[in-house]
Structure formats: C-alpha cells, structure tokens
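This report refers to the structure that appears directly beneath it.
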Amino acid sequence: MKIRRARAADVESIVRMLADDQLGATRESTADLAPYLRAFELIEADPNQLLVVAEDAGEPVGTLQLTIIPGLGRGGALRGQIEAVRVRAGHRGTGLGERLVRWAIAESRRRGCALVQLTSDVSRTAAHRFYQRLGFTASHTGFKLPLPADGQ
C-alpha cells in the first residue's frame, strides 16, 4: 500500500469514500463532480494543503487532507489540521486508517508543526476511540456555523 498525493483522476474515488457513511451520504454525491474538481484545483494550488490517497493495486482505498495552518498563538507555531479521513469499506479494519493518520502526523512534524489537530462529528464515537488510541485528546469543543449560498 502506497500513500501519495491525490490526482484529479482520483477525485471521483475520493468523493465515493466521503459519501460512504451515514453523514457523508446526506451531503456528498458523484452525480456532479465539477464542484469537487474546482475544490481539488484550489487544494493543489495551495502549498499548505495536501490531499493524499492510500493506493492498493492502483486504486485509491483511503484518503485524508492535511492543512498546515500558520498562526501567532503558541509562539507563532504551525499546526497540522487533519480532515476527511476515510477508508473504503472493503479496507476498513486493516490498519489503513491508522497508517494514514500516522503519515499525517509525521508529515506535520516534517513541516515543523508544533501540534496536530482534528475534529470529529460527535456522532462518530468509534472514530473518537480510534483517535484517542492514537494519542489524541478531546481537549476542545468545536462549533460550526453553516453559511448558506444565498447569504441569508
């Protein structure tokens, strides 16, 4: 299994992984890939963004996005933000998710980050146990505010 930078040709497979759970099924779809491809172009153009896939026999079977966030807090420290960790259904339980997250931790360290952080939906209790097993602590409460496209 190889972890590599995602390519535009991987976008459909990544979206399928994002859609393959109870939350993603309500908000992701491969019916129109245009918005995902536009997002992919923005990710690729930003040196602080890294979208990767884990590849098995030439097929993407896992993914995550790593964002390097510069900030003034913690003495001007860089942070690694892990997002959208997904593993294709047939590869779950194989250690691939752990391998992806450990890769993101190592890449964050290599880029000089002082810490790695992530958020996980409150309903994903199995994911919470997984992240805690990897050394993450649930130290903060997160908040989100949806911004409707119509500006309301």
Hey, what do the phi angles of the range 135-146 turn into as Karplus ³J(HN,Hα) couplings, whole Hz, using 6.51/-1.76/1.60 and θ = phi - 60°, x for Gly and Pro?
x, 6, 10, 7, 9, 9, 10, x, 10, 10, 10, x
Put T30, T63, T119 in order of accessible area, largest first, 1.4 Å probe: what do you get?
T119, T30, T63
Calculate the FRET efficiency for L72 and A127 from the Cβ-Cβ distance with a Förster distance of 25 Å, rounded to the nearest 0.05.
0.25
Along Cα→Cβ, 7 Å out, is where each label goes; now give me the distance between the ones at D150 and R5 in nm to one decimal.
4.1
Round to a whole angstrom and tell me the spacing of the C-alpha centers of the range 41-80 and the range 119-152.
17
Read phi for every residue in the range 108-121 and hand back ³J(HN,Hα) as whole Hz from Karplus 6.51 cos²θ - 1.76 cosθ + 1.60, θ = phi - 60°, with x for Gly and Pro.
4, 4, 4, 8, x, 6, 8, 7, 10, 9, 7, 10, 9, 3
Summing -39500 (n - 2.57) over every DSSP H run of at least 4 in the chain, dividing by its residue total and rounding to the nearest 500, the 222 nm mean residue ellipticity is -9500 deg cm²/dmol
Which of the chymotrypsin sites (Phe, Trp or Tyr not before Pro) found in the range 80-152 are in a DSSP loop and have at most 11 neighbouring Cβ atoms, other than their own, within 10 Å?
F143
Grab the alpha carbons of the chain, take their convex hull, and tell me the volume per residue in Å³.
145
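The values are calculated or read from the model by the stated rules, or taken from the named source; none is laboratory data. If you're wondering where the values come from, they're calculated on a predicted model, not measured in any experiment. Please note: Cβ atoms are built from the backbone with ideal geometry, for glycine as well, and neighbour counts cover all protein chains shown. Areas reflect the complete protein model, heavy atoms only, side chains present, ligands, DNA and RNA absent. Shrake-Rupley method; radii C 1.70, N 1.55, O 1.52, S 1.80 Å.
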